[in-house]
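The values are calculated or read from the model by the stated rules, or taken from the named source; none is laboratory data. Fair warning: this is a prediction, and the values are worked out from it, not measured in the lab. Positions of Cβ are backbone-derived with ideal geometry, glycine not excepted, and every protein chain shown enters the neighbour counts.
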Ligand code: GDP
Ligand code: MG
């Protein structure tokens with residue numbers, strides 16, 4: 001998926017002037033990518049429509065390149081939908097004991113997340129926490145929470161066989177008040193699928209518990225299903241937020257977008273593993289990047305805007321269009337690359353490039369190489385830089401020695417320059433030079 005999107009944006013950013021049809025075509029591929037990232041169909045459709053409306057607006061024509069603008073709009077819109085408004089992290093735990101109700105399907109990670117959050121509140125906020133398992137379906141479930149409690153040093157409500165979920169909730173409330181706890185976690189039973197019995201039980205528990213927060217725990221690897229789950233739980237029980245688990249796996253995080261779009265409820269935390277510390281406050285930027293799998297292309301766009309002066313682009317474009325591309329031009333380009341974070345930074349930011357980084361390093365394509373090549377150009381005379389064809393064997397030796405390098409290094413540079421010059425000439429004839437240079441920089 002990441003490669004697919006990388007491909008889409010590669011094409012866009014290289015293309016220069018985009019027509020409205022190009023935007024639509026590109027967004028069709030973005031839509032497929034979203035679906036592959038597990039975003040539900042209606043949410044993906046809606047999202048694409050919004051981006052299309054924005055992308056075909058005035059901003060696109062004014063931008064650096066339309067392709068880069070589309071990338072930014074897609075990314076910004078993702079973050080906007082994911083982040084929503086209001087802070088995601090702080091749990092409402094004033095007026096102790098504050099009850100936090102944990103709901104969700106079986107196996108979504110409720111019990112694990114309960115313990116993780118309890119530990120967090122204890123360690124970070126110094127809160128006294130009580131956890132109670134309301135999972136009467138599987139006796140092992142209660143013991144699971146008890147074992148986790150012992151492990152993290154958080155109290156659990158003693159297990160009494162034969163009680164109903166509501167009875168346990170009641171006892172937890174009483175124990176919470178009597179025991180002077182700040183926070184009570186109620187870890188409910190899940191089902192494999194939504195059913196009436198489950199919903200009735202959770203509703204009754206909610207009525208008894210009067211929770212300050214009702215957190216829906218959802219497996220981040222589920223896509224389509226997640227939306228139904230969220231809709232059901234929010235409609236029947238009312239949720240105050242979502243915790244996405246298993247974001248350490250292959251999941252693309254599409255569930256996050258679906259949840260947000262459908263329920264409008266904030267995603268508060270993400271689970272990143274089975275360990276008790278593997279939980280983090282939700283960050284929209286990170287998940288947006290993950291859904292798109294496109295590296296930090298937006299950062300690249302912004303960086304390019306910062307460092308590149310339009311004037312320089314014009315000037316160079318004019319030269320290149322005439323088929324002029326000498327050593328000074330090559331040097332300017334290399335310096336530009338270093339300014340933008342060097343080969344490593346550039347490649348890390350480009351979609352699909354990260355995986356080539358090792359190969360590139362092996363081939364000696366790195367910042368050191370750039371600097372060596374700049375040193376070679378620096379040791380040329382003015383005349384030689386303007387006209388590399390002058391370079392006969394004796395001159396080559398002098399230049400290489402001046403840079404402290406071998407003639408073979410210089411030959412490699414010359415070959416590279418020749419290839420680029422030819423490419424420039426071709427592009428210049430096509431008349432798409434200016435756009436190409438801008439998008440290249
Ligand atoms: P519950 O049925 O909703 O209470 O789910 P559990 O808390 O028992 O979790 C089910 C399984 O998922 C357990 O093996 C957990 O260790 C695992 N799990 C929970 N959260 C995460 C997570 O964020 N990442 C990973 N990799 N595994 C998780
Ligand atoms: Mg459980």
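Here are the numbers for this structure:
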{"quantity": "Residue match in the range 142-150 (condition: touching a strand residue (DSSP E or B) at 6+ places or on another chain (Cβ under 6 Å), under 22 Å from residue 269 (Cα atoms) and assigned by TED's automatic domain parsing to the domain that holds residue 208)", "calculated": "yes"}
{"quantity": "Considering residues of the range 139-162 that are assigned to a loop (DSSP other than H, G, I, E, B) and under 37 Å from the mean Cα position of the chain (by Cα) only, the residue nearest to ligand 1 (Cβ to nearest atom)", "calculated": "154"}
{"quantity": "Qualifying residue in the range 229-236 (condition: within 16 Å of the chain's Cα centre (by Cα), surrounded by 20 or more Cβ atoms within 10 Å (Cβ to Cβ), under 30 Å from residue 154 (Cα atoms) and away from ligand 2 (no atom under 16 Å from the Cβ))", "calculated": "no"}
{"quantity": "Hits in the range 174-200 - residues which are in a helix (DSSP H, G or I) and surrounded by fewer than 21 Cβ atoms within 10 Å (Cβ to Cβ)", "calculated": "174, 175, 177, 178, 196, 197, 199, 200"}
{"quantity": "Qualifying residue in the range 96-118 (condition: away from ligand 2 (no atom under 16 Å from the Cβ), in a loop (DSSP other than H, G, I, E, B) and surrounded by 14 or more Cβ atoms within 10 Å (Cβ to Cβ))", "calculated": "yes"}
{"quantity": "Selection within the range 106-147 - farther than 22 Å from residue 167 by Cβ and touching a helix residue (DSSP H, G or I) at 6+ places or on another chain (Cβ under 6 Å)", "calculated": "115, 119, 127"}
{"quantity": "Segments classed as helices (runs of 4 or more DSSP H), wholly inside the range 1-60, with at least 2 members that are crowded, with 17+ Cβ neighbours inside 10 Å and at pLDDT 80 or above", "calculated": "20-36, 41-55"}
{"quantity": "Residue match in the range 76-88 (condition: modelled with pLDDT under 85, surrounded by fewer than 23 Cβ atoms within 10 Å (Cβ to Cβ) and more than 30 Å from residue 182 (Cβ to Cβ))", "calculated": "yes"}
{"quantity": "Cβ pairs under 6 Å, 6+ apart, first in the range 265-279 and closer than 10 Å to residue 112 by Cα, second assigned to a loop (DSSP other than H, G, I, E, B) and within 16 Å of ligand 2 (Cβ to nearest atom)", "calculated": "271/109"}
{"quantity": "Any hit, the range 114-134, residues being farther than 23 Å from residue 90 by Cβ, without any contact (Cβ under 8 Å) to a residue 40 or more places away in the chain and within 13 Å of ligand 1 (Cβ to nearest atom)", "calculated": "no"}
{"quantity": "Single unsatisfied condition, residue 135 versus (1) within 13 Å of ligand 2 (Cβ to nearest atom); (2) surrounded by fewer than 24 Cβ atoms within 10 Å (Cβ to Cβ); (3) outside any loop (DSSP other than H, G, I, E, B)", "calculated": "(3)"}
{"quantity": "Within the range 201-228, considering residues that are part of a loop (DSSP other than H, G, I, E, B) and under 25 Å from the mean Cα position of the chain (by Cα), the one farthest from ligand 1 (Cβ to nearest atom)", "calculated": "223"}
